[in-house]
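Right, one structure below, let's go through it.
The values are calculated or read from the model by the stated rules, or taken from the named source; none is laboratory data. Bear in mind that the values here come from a model prediction, so they are computed numbers and not experimental data. Because the Cβ atoms are built from the backbone with ideal geometry, glycine has one as well, and the counts that use them run over all protein chains shown.
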Amino acid sequence: MKFYVCIKQVPDVNAPIQIKGEELIQDTNRMILNAYDASAVEEALVLTEKHGGEVEVVLIGPDKAKETIRKALAMGAQKATHIQTSGDENYDSSTYASILASFFKDKEYDVISCGKQSQDTDAGLTGSMLAELLNLPYATNAVGLEIEDNQLVVKRQGDTGQEMIALPSPCLVTCSNDMNEPRIPSLKGIMQSKRKPMEAVELSSLDVEEDNLAAKTTVTGYQEKPEREAGKKFEGEPDDIAAEVAQLLDTEANVI
Amino acid sequence: MDEKFDCIIVGAGVAGLAAAMTLARNNMKFLLIEKGEFAGAKNVSGGVLWGSDLAKLVPNYWEEENAGWERYITQRRLTFLDEQSSFSIDFKSSHFQETPYTGVVVLRSKFDRWLAGKVEDAIAESDFPMDSFIAPNIKVDEVLMEDGKAVGIRTGEEEFHANSVIIAEGVNNLLTRQVGLQDDYVPADHVLTGIKEVIRYDQEKLEDRFQLSGLGGMSNEYIGYATDGVEGGGFLYTNRDTISIGLVLGLKDLREKGKSPHDILNHFKKHPAVRDTIRGGEVVEYSAHVVSSGDKRIMPKELYKDGVLICGEAANLLMNAGKAIQGMDYAMRSGILAAETIVKAKEQDDYSSSTMKEYRQALDESFVMKDMNSFQDAVHMLHSPQMFKDVPNLICDFGRKFFTIDNEPTPKSRKMLAESIKKHSSYWDLMKLGFKGAKSL
Amino acid sequence: MSTILTHIAISDGKIKRSSLEVLSHCTQLANDNGHQSEAVIIDANASQYVDDVKKYGVSKVYVIEDPIFKNHINTPLLKALTTVMEQADPYIFAFASTEGTKDILGALAANQDAAVLSDVSEFNLIDGGISAKRPVMAAKILSSNEAKADKILVSVRSGSYELAENETDGEVVNIDFSFNESELKATLREVIGASGDKIDLSEAEAIVAAGRGAKDEEGQKLINELAETLGAAIGASRALTEAGIMDPSLQIGQTGKVVSPQLYIAVGISGAIQHVAGMTNSKVIVAINKDPDAPIFDVADYGIVGDLYKVLPPFIEELKKIKG
Ligand SMILES: Cc1cc2nc3c(=O)[nH]c(=O)nc-3n(C[C@H](O)[C@H](O)[C@H](O)COP(=O)(O)OP(=O)(O)OC[C@H]3O[C@@H](n4cnc5c(N)ncnc54)[C@H](O)[C@@H]3O)c2cc1C
Ligand SMILES: Cc1cc2nc3c(=O)[nH]c(=O)nc-3n(C[C@H](O)[C@H](O)[C@H](O)COP(=O)(O)OP(=O)(O)OC[C@H]3O[C@@H](n4cnc5c(N)ncnc54)[C@H](O)[C@@H]3O)c2cc1C
Ligand SMILES: Nc1ncnc2c1ncn2[C@@H]1O[C@H](COP(=O)(O)O)[C@@H](O)[C@H]1O
């Protein structure tokens, strides 16, 4: 099966961040492969290792996002497409979905995998937008994938239970990081990644309608979240502090 | 693909990156391996990178707007503390404004990553753009030795071969031990622990408070009450919109006195002289790391072997003689010199000790070993209780008398000094110390 | 006068409280701005929920009832939503942020060429659209957003708004809907582990959440006992859902659920930002952890530093006494 995995470069949410004026500044400037996309790459690799096929990654982003593409190639993806942007645009999920839809228009594939959401914005929209634009059957929030009789069998995490859904190819799936633990590229993988094909595609060559490139939503600023104050910390004899806190929950916090 | 590398460097800290940059510039085919998730991920320093070697690796680094460094040093201060007071020597000079700067303050997770990016650029421009690599998130488990000669490394099940290996693994030098250059046991009194917090302010506020202009910055070292009686000292450096504040403490003394570094840092932050300098602000990072004492007695027996060179803090190259902690500049220079030796080895196609020993010679002739040799006594002295207790007490006591005006007849300052000395030390001890100090610094 | 439409999610035979929270807010917005608030119920037994929905100030309730909606399947749901949108022509279409909603929101937006903001914690009307706040960077920060278009979709995190009843005699509009199995692009093979009787985490008043520290049998026993004593729902960190010790639907956090109970007790959870992202809206947070430096203590109102195996038995004992 041919897998295309849409991958995104995102800021590392674990690194310290601050807000200056309207902007979000990340001290270390460190960008990483979206964790959900890493899981999508991992799963595609596992499935193609088992059933044969090929994994190609696609990324829309500026030049410095190459590092992230390399990471996916080092994990084991065979090829990459880099749709180049300047990085200063105000794109939202619908813009990315439109660009990807134009890219996939004339491509052959069995499965397009996305992450279930971007780790930084948690939007969770691009995947199903792309499916709709390409008119593909799809499932979101996959926590397990299997290939059976040329169908992709998705275990999807719903609100309460899990749904087992069979998708005919071609189809689209968005992946949760709950489905696997993405491999850390081996030294051999890192070395090979430099020689793997990475095709650069100019955004202008994709004929995305002007209208679709204009985001319908904008971020107008950032604010600190009203921070929770750390409360009281109890240390000492387990019996005593346990009883004390239980009492306080009743008399002080009124939540029992 | 599976051919041999000219060199494999273990560790992308300052030493490893300096070596890698030098190799890339000299068109060598190499592999730089780092166990952290990225270069600098877990590395800690105070940190002022002293000297001008950075300009050799990244010429005109100061021209880049959003570079990996924070500020350049324009003001230096050395502060003695007793319980209540502080006595500072403060030095500011416009010559500090000239490039290459005398030192830049860095935050390692940013600096190392930036420098690694520069190395990637240099690789791309070298003769081996596709065959030299920086590989993060990989831990080297073993240096492969054949007939006493290093031939490569092993990570997990994978082995990679090279004509030479540069070990730049930092202070926990397991591989240096594995190749037999360092004894397995290092006594605790030769190990220090460094801890540090990064505190954030509004940038303008920070610049006002420390009277910084442009990207100028201040370094402040502290001796005395900073450490609550434990062997060691404190530091405070200004970054763009944060300060780095921390301590370097003797591990053995900490244990004996039953104190935790974290508590001592809080104690330091509460000192009247420090408290007001750092008030407001938000702690955004806390880190701790072992630091070598810079005592020559614990240096590896030798810094080379057939096919291997040891550089940076893996070789215990560090100087902490009171007026500054110097580890990164030593790491940088030793990394450069190690790489230059490998370049020579390739030219001569001889990676044996007879070429490798040139590294040791070059290092001996550089400021690194010259300073390590000439300031050994100062290093020992700094670790004596007089230095982190009696001397600062005495200086502050004198300051208190000298600067207090209280409508009483003022004694001559000579008399004040004599009184202070009597209180905190004997003349005899002080003379001994002074004599030692004069000799050592 | 425009229409603000709210989707009413049904789960396990009940209206999701979070849908009614959104509806309460939408009715308020409509009343304040001279618009009308309408709702749509799409379910196999949709009509049985109409009366409850009418309590929230709607002028119209659209009902689409079809057996196909017994389980969540995206193709018929999308078709139903598109049909409603054609008929109701809403300016704003609001959803509670559930896994069911997340599955179709993007597709519906693409289909309707609508602007969409997902998972907001707050939204209001502005000239030409809406403004909204969304937690970003693993909920460490809030972003302010605007969506401007002829049609706007928005989904709201649970616990963002209070319920506000406001009985009106809304009109009920049954929409004709038919769905042919042949239109199904995918097949739903089975539904595993959907549980009718467990307390829904996103609506629970009290939650006991277990982490790696409580991963063994003894720990699980204590967690169950504590939850039972408090009548609390049980949740988990990823460490436990990943290890297969707890059901994946119980995961709380960035990947899992967002909860906002009155009382949240984190047992043996370190407090990674991705976990904290899902629980900081709790009113009172209690943390039990043996590591005094665990980041969970930074958000806890009551932090108990200690071994959970030693702390929980007397804690449960005392709570039982209090409960009488
Ligand atoms: C609190 C504190 C304050 C300090 N202040 C200053 C200061 O102000 N100025 C100054 O010059 N110095 C200062 N130092 C000292 C300075 O940080 C060190 O001397 C310097 O970092 C040494 O550089 P290095 O490259 O040798 O080692 P490191 O920077 O420690 O780098 C070693 C690298 O090797 C990697 N590594 C280790 N083992 C392996 C392996 N097996 N496989 C792969 N990778 C491996 C590590 O992850 C690390 O990245 C301070 C230190 C501390 C702790
Ligand atoms: C993109 C992404 C999304 C994620 N989404 C989620 C999410 O939705 N939800 C989530 O939970 N995680 C999520 N994670 C994972 C998250 O980063 C943490 O790995 C996870 O929350 C850790 O779970 P834990 O606290 O149970 O385990 P640990 O971090 O291992 O902590 C266990 C804690 O238990 C304490 N402990 C151990 N024994 C005892 C004892 N006897 N008594 C008392 N205390 C004890 C320890 O001190 C420790 O603090 C996500 C990660 C990523 C990258
Ligand atoms: N710039 C991009 N390049 C490639 N794929 C992207 C990009 N942005 C989003 N995606 C895909 O969409 C998912 C995230 O969607 P969203 O949460 O809507 O941003 C990611 O996990 C990717 O699979």
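Restricted to region C:84-99, and to residues that are in a helix (DSSP H, G or I) and either touching a Ser or Thr at 6+ places or on another chain (Cβ under 7 Å) or closer than 27 Å to A:Lys225 by Cβ (or both), which residue is modelled with the highest pLDDT? Across region C:84-99, the extreme among qualifying residues is C:Ala88. Taking strands (runs of 3 or more DSSP E) as the structural unit, no element lying wholly within region C:176-275 holds at least 3 residues that are of a type outside the set (S, T, N, Q), in contact with a Pro (Cβ under 7 Å, 6 or more places away or on another chain) and more than 12 Å from chain A (Cβ to nearest Cβ).
Take the conditions of a type outside the set (S, T, N, Q), surrounded by fewer than 24 Cβ atoms within 10 Å (Cβ to Cβ) and within 16 Å of ligand 3 (Cβ to nearest atom) and apply them to C:Ala277. Does it pass? Yes; evaluated as a whole, the condition is true for this residue.
Residues in region C:102-122 include none that are away from every other protein chain (no Cβ under 12 Å), more than 22 Å from the chain's Cα centre (by Cα) and not in a helix (DSSP H, G or I). Looking only at residues in region B:11-49 that are in a helix (DSSP H, G or I) and more than 10 Å from ligand 1 (Cβ to nearest atom), which one is farthest from the other protein chains (Cβ to nearest Cβ)? Among them, the one singled out is B:Thr22.
Residue count for region C:159-189, restricted to those that are closer than 20 Å to C:Ser19 by Cβ, surrounded by 15 or more Cβ atoms within 10 Å (Cβ to Cβ) and hydroxyl-bearing (Ser, Thr, Tyr): 2.
For region A:118-164, residues that are among the polar types (S, T, N, Q), at the interface with another protein chain (Cβ under 8 Å from one of its Cβ atoms) and in a loop (DSSP other than H, G, I, E, B) total 3. Scanning region B:219-242 for residues that are over 26 Å from B:Lys389 (Cβ atoms) and assigned to a strand (DSSP E or B) yields a total of 2.
Taken over region A:78-113, the criterion of being more than 10 Å from chain C (Cβ to nearest Cβ) and hydrophobic (A, V, I, L, M, F, W, C) is satisfied by A:Ala80, A:Ile83, A:Ile99, A:Leu100, A:Phe103, A:Phe104, A:Val111, A:Ile112.
To keep it simple, each residue is scored yes or no on (1) free of Cβ contacts under 8 Å to residues at least 40 places away in the same chain; (2) surrounded by 24 or more Cβ atoms within 10 Å (Cβ to Cβ); (3) not acidic (Asp, Glu); (4) not assigned by TED's automatic domain parsing to the domain that holds C:Arg17.
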| residue | (1), (2), (3), (4) |
| --- | --- |
| C:Gly268 | no, yes, yes, yes |
| C:Val286 | yes, yes, yes, yes |
| C:Lys290 | no, no, yes, yes |
| C:Pro295 | yes, no, yes, yes |
| C:Ile304 | yes, yes, yes, yes |
| C:Pro313 | no, no, yes, yes |
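Of all residues in region C:141-157, those satisfying the criterion of being closer than 19 Å to C:Ile92 by Cβ and either of a type outside the set (D, E, K, R) or not assigned by TED's automatic domain parsing to the domain that holds C:Glu122 (or both) are C:Ser144, C:Asn145, C:Ala147, C:Ala149, C:Ile152, C:Leu153, C:Val154, C:Ser155, C:Val156.
Considering B:Ala226, B:Ala168, B:Ala188, the condition of being among the hydrophobic types (A, V, I, L, M, F, W, C) and surrounded by fewer than 18 Cβ atoms within 10 Å (Cβ to Cβ) is satisfied by B:Ala188 alone. Taking the listed residues A:Val173, A:Val245, A:Val219, the one that is under 25 Å from the mean Cα position of the chain (by Cα) and facing chain C (nearest Cβ under 7 Å) is A:Val219, with no other qualifying.
Going by the structure shown, is B:Phe38 free of Cβ contacts under 8 Å to residues at least 24 places away in the same chain, hydrophobic (A, V, I, L, M, F, W, C) and either surrounded by fewer than 21 Cβ atoms within 10 Å (Cβ to Cβ) or closer than 27 Å to B:Ile199 by Cβ (or both)? So B:Phe38 does not fit the description; no. Every residue in region C:110-157 that is of a type in the set (A, V, I, L, M) and within 14 Å of A:Ala215 (Cβ to Cβ), please. Answer for region C:110-157, where residues must be of a type in the set (A, V, I, L, M) and within 14 Å of A:Ala215 (Cβ to Cβ): C:Ala110, C:Ala114, C:Ala115, C:Val116, C:Leu117, C:Ala147, C:Ala149, C:Ile152.
One line per residue, one yes/no per condition, for (1) under 23 Å from A:Thr160 (Cα atoms); (2) in a helix (DSSP H, G or I):
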site: C:Leu29; (1), (2): no, yes
site: C:Asp32; (1), (2): no, yes
site: C:Ala39; (1), (2): no, no
site: C:Ile42; (1), (2): yes, no
site: C:Val53; (1), (2): yes, yes
site: C:Leu78; (1), (2): yes, yes
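Residue by residue, here is whether (1) polar (S, T, N, Q); (2) surrounded by 21 or more Cβ atoms within 10 Å (Cβ to Cβ); (3) modelled with pLDDT under 95; (4) not in a helix (DSSP H, G or I) holds:
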site	(1), (2), (3), (4)
B:Leu115	no, yes, no, no
B:Val119	no, yes, no, no
B:Pro129	no, no, no, yes
B:Lys139	no, no, no, yes
B:Val143	no, yes, no, yes
B:Arg154	no, no, no, yes
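Yes/no per residue for (1) within 16 Å of ligand 1 (Cβ to nearest atom); (2) farther than 24 Å from C:Glu21 by Cβ; (3) without any contact (Cβ under 8 Å) to a residue 40 or more places away in the chain; (4) out of contact with any Lys or Arg (no Cβ under 8 Å at 6 or more places or on another chain):
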{"position": "C:Gly211", "(1), (2), (3), (4)": "no, yes, no, yes"}
{"position": "C:Lys221", "(1), (2), (3), (4)": "no, yes, yes, yes"}
{"position": "C:Ala233", "(1), (2), (3), (4)": "no, no, yes, no"}
{"position": "C:Lys257", "(1), (2), (3), (4)": "no, no, no, yes"}
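Evaluate region C:131-147: report whether one residue or more is closer than 27 Å to C:Tyr62 by Cα, touching a strand residue (DSSP E or B) at 6+ places or on another chain (Cβ under 6 Å) and away from chain A (no Cβ under 12 Å). Scanning region C:131-147, I find no residue that is closer than 27 Å to C:Tyr62 by Cα, touching a strand residue (DSSP E or B) at 6+ places or on another chain (Cβ under 6 Å) and away from chain A (no Cβ under 12 Å), so the answer is no. Being in a strand (DSSP E or B) and not assigned by TED's automatic domain parsing to the domain that holds B:Glu285 holds for only one residue in B:Phe96, B:Phe80, B:Phe111, and it is B:Phe80.
This table checks each residue for (1) at positive phi; (2) within 7 Å of chain C (Cβ to nearest Cβ); (3) in contact with a helix residue (DSSP H, G or I) (Cβ under 9 Å, 6 or more places away or on another chain); (4) surrounded by 15 or more Cβ atoms within 10 Å (Cβ to Cβ).
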residue: A:Leu206; (1), (2), (3), (4): no, no, yes, yes
residue: A:Asn212; (1), (2), (3), (4): no, no, yes, yes
residue: A:Arg228; (1), (2), (3), (4): no, yes, yes, yes
residue: A:Gly231; (1), (2), (3), (4): no, yes, yes, yes
residue: A:Phe234; (1), (2), (3), (4): no, yes, yes, yes
residue: A:Asp240; (1), (2), (3), (4): no, no, yes, no
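Scanning region B:50-73 for residues that are within 12 Å of chain A (Cβ to nearest Cβ) and either within 16 Å of ligand 2 (Cβ to nearest atom) or in a loop (DSSP other than H, G, I, E, B) (or both), we see that the one that is nearest to B:Arg113 (Cα to Cα) is B:Gly68.
C:Pro314 passes every criterion in (1) farther than 22 Å from A:Glu244 by Cβ; (2) assigned to a helix (DSSP H, G or I); (3) within 7 Å of chain A (Cβ to nearest Cβ) apart from (1).
Scanning region C:139-159 for residues that are touching a helix residue (DSSP H, G or I) at 6+ places or on another chain (Cβ under 7 Å) and at pLDDT 95 or above yields C:Lys151, C:Leu153, C:Ser155, C:Val156.
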